[in-house]
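Note sheet for the following structure.
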Amino acid sequence: MPNLDLIYNADERTRAFENHAAGYLISLAGPGTGKTLSLLQRTEALTAQGVPQTSICYLTFIKEISNAFVQDYIEKFGQESYDANHPRISTLHSFACRLLRHQGFRIHYDGELYFANTADTDADDSITVLGDLLPFVVTPECHTPAQLRLHIKSIKTAWRDTVDPATLPAPIPTILSHSLNLFKAFRLVDWDQTIPLSHALATSLRPLPDWIAEIKHYYIDEYQDFNRAEQALISFLAQSATSIVIVGDDDQSLYRGRGGSPDGLRTLFANPAHDQVSLIRCFRCRQLIVLAANTFQQAMHAAPRNMIPVKDNGQILAHHFKSSKTELVFLAEFLRDCIAHLPNPPHSKDGIVCLFPSWRVLDSYFQKLSPLIPCIKRKTDPHLNRIWLERILRLVCTPSQRFHQRLLLNYYDKIKPRHKNLIVQRVVQRDISVVDALESLLADGGLTGKSAAQAREICLLIEHLAGKNPDTIAPHLVAKLGLDLQFVTTHMATLIDSIAEPEKDDLITECCDLLLPDSKQPEEDPRSVLFLTIHSSKGLTKKNVVMPGLEAAWLPGSADGVDIEERRRLFYVAMTRATDRVLITYPLTRGRNDSLNFETPGRGRPSPFIAEAGLHDTYHV
């Protein structure tokens, strides 16, 4: 198959997407080089040939990027066109979840499913899973939740890497067996289990469900961030398609911790059986930013793929300061000036973003700068009443979901750990719901006294939620949240009337926002400075990008080997989010009460990536 770079010059390579007829087209697309435009142009070309848009499917890695593709589609073709007819657009995980929801009954995953990261250290659903699983697997070598979490992480890694976890050393096979029994009983699927489970299910289906079989043209975006299991599922889906267009950038692979690697994309691009094309005209970043990115590429690998800037000028600055105090004074003044020069009204891409290598560094700078300038971050502290309300509303929508029922037990103080163990054992042994387990234990005397009273309360609550009567549901919410009865009843009636809508998550979010407005995620003011981790900035474009506190201690930190390669890619991604200006700062010293003032290698020294990008950091008085 041809290298289409030899057929189309750098300004014409969108035509390679438009003209691709069958088989694989693999595109290496640098940041801001028009991959989305190329996919939209391909959609227009296919539609002109009479291809129905329902036979086109766009799949990517994270929801933020699929949402961005929807907005780009609407911007090009219009809201009316999108509402009338559009390709399927989702993450690969959402695609796999849909298959499991529709066909999971074939592998005893019938009914509503619950998806979770069962090794998460902070989420109470994962803590609940580990607490329920531990009594089944406890041994002298594995007798704490922390020890069990490490083994679960090994299982998750195996799932991501297409390795059978049952082949791992003891005690993992035993833990795996009990985990699968528990997961299946509660209709729970781990996020990393989702892909291999759906792949195995799809392989067994003859024929494939119509909604998959009718897809003839796949667009796979951000391929470099997919792990081996995800790549294997994509390969399986491609077998029944006419064409597959895969786009990505090995220099923007950021998710090694989830099994992502640039190697899969590089292998596909090097395969002579596939058409290949590279996008190198950078429409996003101005000339000086592209120059720094190209210079930095030489440190990233032996064969840099230089971009060609479309726009001239630009600015990229690096300053160091005597102390974090003087750095903050400068940053506040700089950011105020950026805000003052925003157009009215500002477009999203006109704004300002501060990017950080970790939440620890982000939180430190947010705490110091938020009193001085308008700024926002997307990570908020959990609102406990909102979490409870969300779970209640999910049970209104899906009252038979067993793990949602299980999570309710955590809110009843007379249901002690020993009672929960009895309930979980009965659910697993008999493959019944939590409500059925409670009623069974009440009937045979397994729950007595205060625990029995609360068990009856739980059963009554779930019965009322399943009944979907606002008049019987609202009093439960009023008792917990202290709200007005009529107010709650009205909003519950609205939710229940809309339950048939496909986007239940949006309905639940809207209802929670109305009932608990203090817990609502604040709307992002386009005139505020956005604080993000670099990982969260994928797909982002802003006029001004600032990287505060870029000390060697945080980037690359203690990374080496393949880890430092990914840390370089983080810096590359951060730098290329900007259209016009990049500012990098760091202090030589930090104050006594600074949360980042602790002994660690690289503190007070510049990230080596600054010099590798050909930048000279100047001392700013």
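No value in this document is a laboratory result; all are computed from the given coordinates. Here the structure is a predicted model, which is why all the values come from computation and not from measurement. All Cβ positions, glycine included, derive from the backbone under ideal geometry; neighbour counts span all protein chains shown.
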Report summary line: For Ser204, Ser498, ascending order of other Cβ atoms within 10 Å (fewest first) is Ser204, Ser498
Query raised in the report: What spacing in nm lies between the two simple spin-label points modelled at His108 and Asp5, each 7 Å away from Cα in the Cβ direction?
Result: 5.2
**Report entry** Tensor-based shape of the range 151-200 (alpha-carbon gyration tensor, a/c under 1.5 rounded, otherwise prolate or oblate)
**Finding:** oblate
**Report entry** Förster-model FRET efficiency, 30 Å R0, Asp518 and Leu442, C-beta, rounded to 0.05
**Finding:** 0.20
Report summary line: For the chain, the dipole about the Cα centre with charges only on Cβ (Lys and Arg +1, Asp and Glu -1), to the nearest 20 debye, works out at 980
Requested in this report: Could you give me the radius of gyration and the Dmax of the range 32-178, taking only the C-alpha atoms into account and expressing both in angstrom?
Outcome: 21.2, 66
Report summary line: With a Förster distance of 25 angstrom and the Cβ-Cβ distance between Thr242 and Asn271, calculated FRET efficiency to the nearest 0.05 equals 0.85
Query raised in the report: If you stretched the chain out fully between Gln486 and Thr144, how much longer would it get, using 0.36 nm times the residue separation minus the C-alpha to C-alpha distance?
Result: 118.5 nm
Query raised in the report: trypsin sites (Lys or Arg not before Pro) within the range 180-256: which are DSSP loop residues with at most 13 other Cβ atoms inside 10 Å?
Result: none
Query raised in the report: Viscosity 0.890 mPa s, temperature 25 °C: Stokes-Einstein D of the range 247-389 from its Kirkwood Cα radius, in µm² per second?
Result: 127
Requested in this report: Please sort by residue number the trypsin sites (Lys or Arg not before Pro) in the range 559-621 whose DSSP state is loop and whose Cβ has at most 10 other Cβ atoms within 10 Å.
Outcome: Arg592
Query raised in the report: Can you give the relative contact order of the chain as a percent, counting alpha carbon pairs under 8 Å and 6+ residues apart?
Result: 19
Report summary line: For the range 384-519, the charge dipole (Cβ of Lys, Arg +1; Cβ of Asp, Glu -1; about the Cα centre) points to a positive end, and the Cα of Ile499, Ile458, Pro517 closest to that extreme belongs to Ile458
Report task. Calculate the translational D of the range 114-186 in whole µm² s⁻¹ from Stokes-Einstein, where the hydrodynamic radius comes from the Kirkwood formula applied to all Cα pairs, the temperature is 37 °C and the viscosity 0.692 mPa s. Result -> 268
Query raised in the report: What pairs in Lys377/Lys450; Lys153/Lys543; Lys63/Lys311; Lys63/Lys184; Lys184/Lys538; Lys153/Lys368 have C-alpha atoms more than 32 Å from each other?
Result: Lys377/Lys450; Lys153/Lys543; Lys184/Lys538; Lys153/Lys368
Report task. Work out how much length Thr589 to Ala123 would gain on full extension: take 0.36 nm times their residue separation and subtract the Cα-Cα distance, in nm to one decimal. Result -> 164.2 nm
**Report entry** Cut-off under 5 Å, modelled amide H: who pairs with Leu317 long-range
**Finding:** Val582, Leu583, Ile584
Report summary line: Checking the range 1-50 for GluC sites (Glu not before Pro) in a loop per DSSP with at most 16 other beta-carbon atoms within 10 Å yields Glu12
Requested in this report: Work out the P(r) tail for the range 189-269: percent of alpha carbon pairs separated by more than 22 Å, whole number.
Outcome: 29
Query - Positive-end residue of Ala340, Gln429, Val137, charge dipole of the chain with Cβ unit charges - result: Val137
Report task. Could you point to the label whose value was computed as Rg and Dmax of the Cα atoms in Å for the structure here, given [x] 23.6, 80; [y] 26.2, 85; [z] 26.4, 80? Result -> [z]
Query raised in the report: Label-point separation (nm) for Arg98 and Ile280, each offset 7 Å from Cα along Cα-to-Cβ?
Result: 3.7
Report task. Would you kindly work out the equivalent ellipsoid of the range 384-519 from its C-alpha gyration tensor and give its semi-axes, the square roots of five times the eigenvalues, largest first in whole Å? Result -> 28, 16, 13
Query raised in the report: Once the Cβ-Cβ distance between Ile308 and Ser177 is put in as r, and R0 is 41 Å, what FRET efficiency do you end up with, to the nearest 0.05?
Result: 0.15
Query raised in the report: Nearest 20 debye, what's the magnitude of the dipole of the range 384-519 about its Cα centre given +1 on Lys and Arg Cβ and -1 on Asp and Glu Cβ?
Result: 900
Report summary line: To the nearest 20 debye, the range 204-314 has a Cα-centred charge dipole, built from +1 on Lys and Arg Cβ and -1 on Asp and Glu Cβ, of 200
